[in-house]
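Values in this text are rule-based calculations from the coordinates and carry no lab data. Bear in mind the structure is a predicted one, so any value in this text is a computation, not a measurement. Virtual Cβ from ideal backbone geometry, glycine too; neighbours counted across all protein chains shown.
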Amino acid sequence: MTKHSSSPPPNLPLNLPPSPEFWPPSPGFWGGAWASLLVTLPLTALGYLAAQFSALPFVPFAFFDLLVRVLPGPVVTAGIDTLVNAMTALNLPLADLAKVVEQTLALVIFTLLAVLAGAVFFARQRNRRVPWGAGLAFGLIVGAPLAGSVWRITAVGGGAPSPLPAGAWTLLFTLFWGLLLTAVQRRLTRPGSTKTTIVTLEAAQAEARERREFMVYLGGSAALVTVIVGGGVAAALGMRRSPEVLDEGTRWSALNPLPNANAAVQPVPGTRAEYTNLEQHYRIDINLTPPVVQEEAWRLRVEGLVDAPLELSLAELRAYEPVHQFITMACISNPVGGSLTSTTRWTGVPLGRLLAAWGVQGSATHLRISSADGFFEYVALADIRNDERIMLTYAWDGVPLRIRNGFPLRIYIPDLYGMKQPKWIEAIEAVDAWELGYWVRRGWDETARMHATSVIDSVATDALLTEDARELVPIGGVAHAGARGVSKVEVQVDSGEWQQAELRQPLSELSWVVWRYEWPYSAGEHTFTVRCTDGNGETQLTEVRSPHPSGATGLDRVQVRL
Ligand SMILES: Nc1nc2c(c(=O)[nH]1)N[C@H]1C(S)=C(S)[C@@H](COP(=O)(O)O)O[C@H]1N2
Ligand SMILES: [Mo]
């Protein structure tokens, strides 16, 4: 049989000229995204380095700080909730890591936006070489609002970077970024229209290869700069250890026993420290990097409805007879059983004692307390006059406030969550009307009174006790009810009867109480639940509520296999 076919056999040498080819297309959206990533990462690392060694702002952080302030309350609240929930679910220590996670988030958001901007830029310039002028203009379009926001945030933020150089630096940063992006785009694009210039296959292939090699080179250098600069910064910071306080001196706790040192009831091993080390004190505020206030230049401004506005230096505030109080502070975002609560010894001057000297007028009803970071709150004068415990605080544990905890001055208001208590205070204005404070405007509780809450820190199976031939498991933790005190803590094992725990004498009526309960051991899997009653006889709320808007409620519970 013979096979007839009209098409030639496959390997017949036809000797045709190579088929016409065009230059490979210039990068579009995805190429732009990739190029922008490779340009943004090393530039950001360099920016970080610059910020570490100068008073210039780190642009991604400044941008994030602005977002936190201008985004609608529900958006920010949802963000905080997600962060706290995710960290709790992942078992990450909130008090230690919250800021680091926020900073990472700030970097990710900033990088994503830069990548998006680069992608759009490339996509719009598809198949033609971007003129240098267009690159500059693009840098300007992206940079102007960014510089504006950095300018604004440093303007309200007071402290270290001054607005003008900060804004100028940001603009320079983005202009340079625009030019670098342009350089990459030009390198990856042939002059003339790539759609119509016909070239040989070899030329097109060579061009494609060269571009690939360039991208590999770019990626390598980007990674190198990012890693070396990142590593360099880490090393430099390790050596420099950014100062938390300028000249600390000796801490009170290093020289003195705690007031309840001889209390009979001892904490169960594994219970959180009754007196928090300053390094471990939780920190929550609206800043990725805290405002740095210079003591020499700082003055507390007293203004508004006073006989004459005045200014007070820190030395002048310290000259008043100091008051010391052991205080447990807590954040309203703290989940039940969470670590956003700490205890230390606060030193300051009762605000009520200052009012007369300040000549606060009879028409004034409130003080508006405002901070270096733009944070503010209102406090009723009636409360200040009735409660000597409300105080302007300048020292913790006998040494000046740490920068992150509000140096040089913060307020203390008993029974309220931290969101009502400004750090880094700059001005106090006497006013005749109450208004919503910073977080209240953003949808959080107007009063923010601390809930009674109790926590199981430890089921100490490795510290068993024996009593009358019975084995006892010590169980312990803390309980706190603002300034109302804790009158009772009870523990429930599985679904048994509530059993009363022993209470250790607290550091003060404003501090948490350490409790312990010795449970007769029985093998198996058990659930332990704790509840407390405050000094007014009110039992802790059992209803499970999330922190927003008025603080978490519900009972802390742990499951243990014994
Ligand atoms: N100026 C200023 N003060 C502030 C805040 C802030 O963001 N800015 N946050 C408040 C909140 S929400 C809490 S919980 C406490 C935390 O104080 P700490 O970080 O010293 O523990 O500070 C309060 N004071
Ligand atoms: Mo808070």
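Projected onto the charge dipole of the chain (+1 at Lys/Arg Cβ, -1 at Asp/Glu Cβ, origin at the Cα centre), which of 526, 48, 338 gives the Cα projection farthest towards the positive end?
Checking the options against the dipole of the chain, the answer is 48.
For the stretch 310-350, take N as its residue count and report Rg(C-alpha) divided by 2.2 N^0.38 Å. Each step should come with its number before you reach the end.
On the way: Rg = 14.8 Å, N = 41, 2.2 N^0.38 = 9.0 Å.
The reported ratio for this selection is 1.64.
Quick one: what Rg and Dmax do you get for the stretch 40-160 from the alpha carbons, in Å?
17.0, 52
Say the dipole of the chain comes from +1 at the beta carbon of Lys and Arg and -1 at that of Asp and Glu; which of 127, 106, 456 then lies farthest toward its positive end?
127
State to the nearest 20 debye the size of the charge dipole of the chain about its Cα centre, where the only charges are +1 on K and R beta carbons and -1 on D and E beta carbons.
Values: 45 positive and 51 negative charges, 599 e Å.
The dipole of the chain has a size of about 2880 debye.
Name the long-range amide H neighbours of residue 416: under 5 Å, sequence gap of 5 or more, or other chain; modelled H, no Pro or chain starts.
Result for residue 416 returns 450.
State the extension gain, in nm to one decimal, for the chain segment bounded by residue 318 and residue 101, taking 0.36 nm per residue of separation less the distance between their alpha-carbons.
Values: separation 217, 0.36 × 217 = 78.12 nm, distance 3.63 nm.
Residue separation times 0.36 nm, minus the Cα-Cα distance, leaves 74.5 nm.
With θ set to phi - 60°, apply the Karplus curve 6.51 cos²θ - 1.76 cosθ + 1.60 along the stretch 452-464 and write out the HN-Hα couplings as whole Hz, x wherever there is a Gly or Pro.
After applying 6.51 cos²θ - 1.76 cosθ + 1.60, I find 5, 8, 9, 9, 8, 8, 8, 10, 7, 5, 9, 10, 4 Hz.
Is the stretch 433-562 rounded, prolate or oblate when judged by the Cα gyration tensor, a ≥ b ≥ c being the square roots of its eigenvalues, rounded requiring a/c under 1.5 and prolate requiring a/b larger than b/c?
Values: a/c = 3.02, a/b = 2.09, b/c = 1.45.
Since a/c reaches 1.5 and a/b is larger than b/c, the shape of the stretch 433-562 is classed as prolate.
I need the phi-derived Karplus couplings for the stretch 134-150: 6.51 cos²θ - 1.76 cosθ + 1.60, θ = phi - 60°, integer Hz, Gly and Pro marked x.
5, x, 4, 4, 5, x, 5, 4, 6, x, 4, x, 5, 4, x, 5, 5
Would you compute, from DSSP H runs of 4+ residues alone, the mean residue ellipticity of the chain at 222 nm, taking -39500 (n - 2.57) per run and dividing by the full residue count, rounded to the nearest 500?
Working: 12 runs with 202 residues, N = 562.
After summing the helix terms and dividing by the residues of the chain, the value is -12000 deg cm²/dmol.
Choose one of 270, 305, 293: the residue whose Cα lies farthest towards the positive end of the charge dipole of the stretch 260-312 (beta-carbon charges +1 Lys, Arg; -1 Asp, Glu; about the Cα centre).
After comparing all options, I get 270.
Rank the residues 250, 529 as a footprinting-exposure proxy: fewest other Cβ atoms within 10 Å of their Cβ go first. Let's see the in-between values first.
Working: 250 10, 529 19.
The order, fewest Cβ neighbours first, is 250, 529.
Return P(r) of the stretch 358-406 (all Cα-Cα pairs; 10 Å bins starting at 0; whole %; ordered from short to long distances).
Binned Cα distances yield the sequence 19, 44, 31, 6.
So how tilted is helix 73-89 from the main axis of the chain? Cα-based, degrees 0 to 90, rounded to 10.
In the chain, helix 73-89 runs at an angle near 80 degrees to the longest axis.
Across 10 Å bins from the origin, how do the percents of Cα pairs in the chain run, short distances first?
Values per bin, smallest distances first: 3, 14, 21, 20, 15, 11, 7, 4, 3, 1, 1, 0, 0.
Provide the net charge surrounding residue 485, with neighbours chosen by a C-beta distance below 12 Å and charges set as Lys +1, Arg +1, Asp -1, Glu -1.
Numbers: positive: 484, 488; negative: 415, 509, 534, 538.
Overall, the nearby charge balance is -2.
If you take the square roots of the eigenvalues of the alpha-carbon gyration tensor of the stretch 232-352 and sort them as a ≥ b ≥ c, do you get rounded (a/c under 1.5), prolate (a/b over b/c) or oblate?
Details: a/c = 1.73, a/b = 1.26, b/c = 1.37.
Oblate, since a/c reaches 1.5 and b/c is not below a/b.
Which ³J(HN,Hα) values, rounded to whole Hz and listed in residue order, are derived for the stretch 197-206 from phi using the Karplus coefficients 6.51, -1.76 and 1.60 in 6.51 cos²θ - 1.76 cosθ + 1.60 with θ = phi - 60°, glycine and proline given as x?
Couplings: 6, 8, 9, 6, 4, 4, 4, 5, 5, 4 Hz.
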